[in-house]
Amino acid sequence: MTKQQEEAKTSALEALPLRDDLRGQTPYGAPQLAVTHLLNTNENTHPVPQVVVDAIGDAVHQAASSLNRYPDREFTELRQRLATYLGHGLTEDNVWAANGSNEVLQQILQAFGGPGRKVLSFPPTYSMYPLLASGTNTEYIHGVRAEDFTLTPESAAQQVKETQPNIIILCSPNNPTGTALELEVVEAVYDAGSEFNAVVVVDEAYEEFALKGTKSALTLLEGRERLIISRTMSKAFALAGARVGYLAAAPQVTDALRLVRLPYHLSAITQAAANAALQHVDVLLGTVDQIKTQRDRIVDELRKMGLKPAVSDSNFVFFGWFEDAHAVWQGLLDRGVLIRDVGIPHHLRVTAGTEEETTAFLVALREVMGA
Ligand SMILES: *Cc1c(COP(=O)(O)O)cnc(C)c1O
């Protein structure tokens, strides 16, 4: 698009009776560029295994014949399968799902946030949280972390007490830093929020990649009726394109979400694909160990280059320090490797892909740094 075309587009948009808070905004989204090595959105870069492709194909084929009817509004089979996958004694009554965990989070904000209410999270963290807050007219409160991006139970609890939010979102492992929170942080935040009935969400989009010994907040669910654990099939399950996110919580939380969900929000196609995929969990998660190996390799190699990668419990690595991180990002792009400039000065984030992709990234980075 030329500059003139872009300006015409903008003024046409501005002429509409758009909500005041949406004026001048740009849509969220990482660049989708035609580059050889796409290591910028933390997808599982391994292709979907053939047995899963076939299973999804058969299931969708079968579902197609009943597309004249609305799908199961309660997506009961999917909730059962997800509960079985999560374990911890959870049943379908504890599970809810939507089109990606972004929609799950949006529904949580619709049910528990809204005008006059507040949501707290701790940047640098997932950049969708403030956007979901804005979209639901919920005030977004920026919590603070230590300079090394860590968050202690004491600091987190203190900030909860001071700001009294209705919702707290903890991202663990955190995007973009990659590091998991200690469960003590979750406990401390939950306790601090109990005085004013706050809902605590732990976004565990990357939990399957966690380092040995890192515990899921699922272990804290029992007896905590305002705790919500959010998960997704977009990362470890290699199904980002299927758009399936889900959560585990007390049954009354899922009842609250039924009040805000659109009827039949999960299409019969989506349900069929997810149910078929969940019959092959072991195959789907078969690449997780390989990805973790590449992740650890990236951390080791970056250290050897004199860089400072953060501890990673996820399928990506956050690293610095660069005088001009954006120039390094551009240098990598010029060499066919797209990673993410998350807007944090002097730092970049790279997804751990296949062995070949990791090699391509490391070779290109050495070249850029040597230049
Ligand atoms: C990728 C990601 C998600 C997943 O979003 P989906 O809508 O499920 O694809 C959620 N939270 C975080 C922190 C992420 O990085």
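General remarks:
- Within region 27-42, restricting attention to residues that are among the aliphatic types (A, V, I, L, M) and part of a loop (DSSP other than H, G, I, E, B), the residue that is nearest to G178 (Cα to Cα) is L39.
- Looking across region 336-368, the residues that are surrounded by fewer than 17 Cβ atoms within 10 Å (Cβ to Cβ), over 13 Å from L307 (Cβ atoms) and not β-branched (V, I, T) come down to G336, G343, P345, E355, E356, E367.
- Matching residues in region 88-110 - criterion: being part of a helix (DSSP H, G or I) and hydrophobic (A, V, I, L, M, F, W, C): V104, L105, I108, L109
- Any chance T254 is buried (at least 20 other Cβ atoms within 10 Å of the Cβ) and more than 16 Å from the ligand (Cβ to nearest atom): yes
- Only one of Y129, Y85, Y70, Y140 that is assigned to a strand (DSSP E or B) and either in the same structural domain as P263 (by TED's automatic domain parsing) or among the charged types (D, E, K, R) (or both): Y140
- Test: residue in region 248-258 that is closer than 21 Å to T232 by Cα and in a loop (DSSP other than H, G, I, E, B): yes
- Check on G223, assigned to a helix (DSSP H, G or I), in the same structural domain as Y70 (by TED's automatic domain parsing) and modelled with pLDDT of 95 or more: no
Every residue, every condition in (1) within 16 Å of V199 (Cβ to Cβ); (2) within 16 Å of the ligand (Cβ to nearest atom); (3) touching a helix residue (DSSP H, G or I) at 6+ places or on another chain (Cβ under 6 Å); (4) open to solvent by 30 Å² or more (accessible area, probe 1.4 Å), yes or no:
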position	(1), (2), (3), (4)
K212	no, no, no, yes
I229	yes, yes, yes, no
S234	no, yes, yes, no
G241	no, yes, no, yes
G245	no, yes, yes, no
A250	yes, no, no, no
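- Test set (1) at pLDDT 95 or above; (2) out of contact with any strand residue (DSSP E or B) (no Cβ under 8 Å at 6 or more places or on another chain); (3) assigned to a loop (DSSP other than H, G, I, E, B) - E208 fails condition number: (3)
- Residues in region 89-109 that are without any contact (Cβ under 8 Å) to a residue 60 or more places away in the chain, within 15 Å of the ligand (Cβ to nearest atom) and either open to solvent by 30 Å² or more (accessible area, probe 1.4 Å) or not assigned by TED's automatic domain parsing to the domain that holds Y206 (or both): Q106 alone.
- Tally of residues being open to solvent by 20 Å² or more (accessible area, probe 1.4 Å), under 26 Å from D21 (Cβ atoms) and not in a helix (DSSP H, G or I) across region 143-187: 3
- Unique residue being crowded, with 17+ Cβ neighbours inside 10 Å and acidic (D, E) when the list is D324, D313, D296, D282: D313
- Filtered by the rule that a residue be open to solvent by 40 Å² or more (accessible area, probe 1.4 Å), on the phi < 0 side of the Ramachandran plot and away from the ligand (no atom under 16 Å from the Cβ), region 263-273 gives P263, I269.
- Pairs with Cβ under 9 Å, 6+ apart, first in region 328-354 and of a type in the set (F, W, Y), second buried (at least 22 other Cβ atoms within 10 Å of the Cβ) and not in a loop (DSSP other than H, G, I, E, B): W329/L338; W329/L348
- Where a residue in region 111-130 is free of Cβ contacts under 8 Å to residues at least 24 places away in the same chain and its partner, wherever it lies, is part of a loop (DSSP other than H, G, I, E, B), with Cβ under 7 Å and at least six apart: P115/N137
- Candidates V342, V350, V328, V337, filtered to the one that is modelled with pLDDT under 95 and of a type outside the set (F, W, Y): V342
The values are calculated or read from the model by the stated rules, or taken from the named source; none is laboratory data. Just so we're clear, the structure is a prediction, and the values are computed from it rather than from any experiment. In this analysis, Cβ positions are derived from the backbone assuming ideal geometry, glycine residues included, and neighbour counts consider all displayed protein chains. Side chains included, ligands, DNA and RNA excluded: accessible areas come from the protein's heavy atoms. Shrake-Rupley method; radii C 1.70, N 1.55, O 1.52, S 1.80 Å.
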